[in-house]
Amino acid sequence: MANKTLYEKLIDQHVVRKLDDEGHVLLYIDRSILNEYTSPQAFSGLREHQRPVRHPATILLNVDHVNPTRPERDEAMTDAGGQLQVDYFRQNAAHFGIELFDVMDPRQGIEHVVAHEQGLVMPGMVIAAGDSHTTTYGAFGALGFGIGTSEIEHLLATQTLIYRRLKTMQVKVEGELPYGCSAKDIILALIERIGASGATGYAIEFCGATIDALSMEGRMTLCNMAVEAGARGAIIAPDEKVFAYIEGKPQMPTGDLWQQAKSEWLTLRSDEEAKFDHALTLDCSNLEPKVTWGISPDQTSAISGRVPDPALEKDLIKQQALKTALKYMGLEPGAPLESIAITHAFIGSCTNGRIEDLRAAAAVIGERKIARHVRGIIVPGSTQVRQQAEAEGLARIFIDAGFEWRQSGCSMCLAMNEDVLAPGDRCASGTNRNFPGRQGAGARTHLMSPAMVAAAALAGHLVDVRSLMTVEG
């Protein structure tokens, strides 16, 4: 038997039928979590053809994209379009017999936070959903990937998808993570190195001593943002950290079934002699906190760096890309990144809205206040994360510092509710994308870790969190 990567093993275990010699297969899907924004047309297609959902128990409907996150929650949406989407979502849940985490449900939150809270993600699963950041689930030894609306309809009707096998990329991460750095800095460093399309057509497997040492929430951040390098899958072999994290979650097996599951899950790893289509090593020994300066996640630099000068770029295509980015971002070549003033600071999203992220930000803030000209916004990744943060006293730290403490949802990550930046606003953001208009038309986004966002909010400009904590902490 040929040696296989973990990705290849998971695909082989889920193939219903080989379709051709080009890598296309009919793939069984274990689970899907759908939101109100990407699913309406799929349900309309089922209704039009009078098709049922094949396995409703494997689907969860969760409101997260368009719901308001104002501090006092109610069922009303901000705009009429959002209200129509949520109302139709409710109708579809009732009509097709699918569980719904509605706005007022205590389990509500961002789908990629809710899923693991509820124990819906298990090692060895294949999970497809209408959101590109479904790659998050790779942290648990599952394969997750985003799909389009027509694919959602096919999945709902058949529990399968027509799928083309990906190439495999091994990313070995080594070196002790330096003080002030986190998983967000690792993934930004990888994207900076290989580019925003460097993993297109690949499934990434993360491994190495640095990955072993990461917390589960750090691993989720890595897998979540692998899609920003073009990957359509990211995975980490499950270990005891995974088992400790998921044990006892609502949907997890118990007793003998739990022991049987663990025994099976321990086999989920790449064979020693498995061949990857591409492999690289990322040494984190000298990693510095990262920030983006441009309009793509690969336009990134260490915080100690400067805005790049297009005139120094000999490749004309890259030179034009630099000019376009700097014009949109309103930055001057050669300016120190730490000189860039911000108007907003946002911590949240499926990338960095978990309890560990909030703890990291609160540790930086302490008893200090954010800069007077900065609007700080904290949006927990789920209602449960919000409650835990309140119980731990983190919410009080944020409120006393001047942050707005809001309800859970996608919020300013993609600005589909009232959490929208105005043209010219500049935001230090713990999110995943900095495309033009992502947080509002004409708004400017700098991606970084939650600790770096907290530091920028205190300083009023981009700043190295390490120097802030060394001097004042």
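The values are calculated or read from the model by the stated rules, or taken from the named source; none is laboratory data. Since this is a predicted model, take the numbers as computed values, not measurements. For neighbour counting, all protein chains shown are included, and Cβ atoms are generated from backbone atoms with ideal geometry for every residue, glycine included.
Things to note:
- When GLU217, GLU192 are checked against the criterion of being more than 29 Å from LEU19 (Cα to Cα), in contact with a Ser or Thr (Cβ under 7 Å, 6 or more places away or on another chain), surrounded by fewer than 24 Cβ atoms within 10 Å (Cβ to Cβ) and of a type in the set (Asp, Glu), GLU192 stands alone in meeting it.
- Taking the criterion of being surrounded by fewer than 15 Cβ atoms within 10 Å (Cβ to Cβ) and touching a Pro at 6+ places or on another chain (Cβ under 6 Å), the only residue of the stretch 266-310 that qualifies is ASP309.
- Qualifying residue in the stretch 79-89 (condition: of a type in the set (A, V, I, L, M, F, W, C) and more than 25 Å from the chain's Cα centre (by Cα)): yes
- Condition met for LYS327 (without any contact (Cβ under 8 Å) to a residue 12 or more places away in the chain, out of contact with any Asp or Glu (no Cβ under 7 Å at 6 or more places or on another chain) and either surrounded by fewer than 17 Cβ atoms within 10 Å (Cβ to Cβ) or hydrophobic (A, V, I, L, M, F, W, C) (or both)): yes
- Among the residues making up the stretch 371-394, those that are under 22 Å from VAL420 (Cα atoms) and assigned to a helix (DSSP H, G or I) are THR383, ARG386.
- Flag set for ILE187, criterion: among the hydrophobic types (A, V, I, L, M, F, W, C), farther than 29 Å from PRO106 by Cα and not assigned by TED's automatic domain parsing to the domain that holds GLU117.
- Subset tally (residues that are acidic (Asp, Glu), farther than 20 Å from LEU358 by Cβ and in a helix (DSSP H, G or I)) for the stretch 212-262: 4
- The one condition from (1) over 17 Å from the mean Cα position of the chain (by Cα); (2) surrounded by 14 or more Cβ atoms within 10 Å (Cβ to Cβ); (3) not aromatic (Phe, Trp, Tyr) that SER263 does not meet is (2).
- Every test in (1) of a type in the set (Ser, Thr, Tyr); (2) in contact (Cβ under 8 Å) with a residue 12 or more places away in the chain; (3) not in a loop (DSSP other than H, G, I, E, B) is passed by THR431 save one, and that test is (3).
- Which listed residue, of ARG386, ARG354, ARG372, is of a type in the set (Lys, Arg) and either in contact with an Asp or Glu (Cβ under 8 Å, 6 or more places away or on another chain) or on the phi > 0 side of the Ramachandran plot (or both): ARG354
- Number of positions in the stretch 5-57 that are more than 26 Å from the chain's Cα centre (by Cα), surrounded by fewer than 16 Cβ atoms within 10 Å (Cβ to Cβ) and among the small types (Gly, Ala, Ser): 2
- ILE377 vs. criteria β-branched (Val, Ile, Thr), closer than 25 Å to ALA459 by Cα and either crowded, with 21+ Cβ neighbours inside 10 Å or modelled with pLDDT under 95 (or both): yes
- Selection of the stretch 58-82 for residues being surrounded by 15 or more Cβ atoms within 10 Å (Cβ to Cβ) and in a helix (DSSP H, G or I) yields THR58, GLY82.
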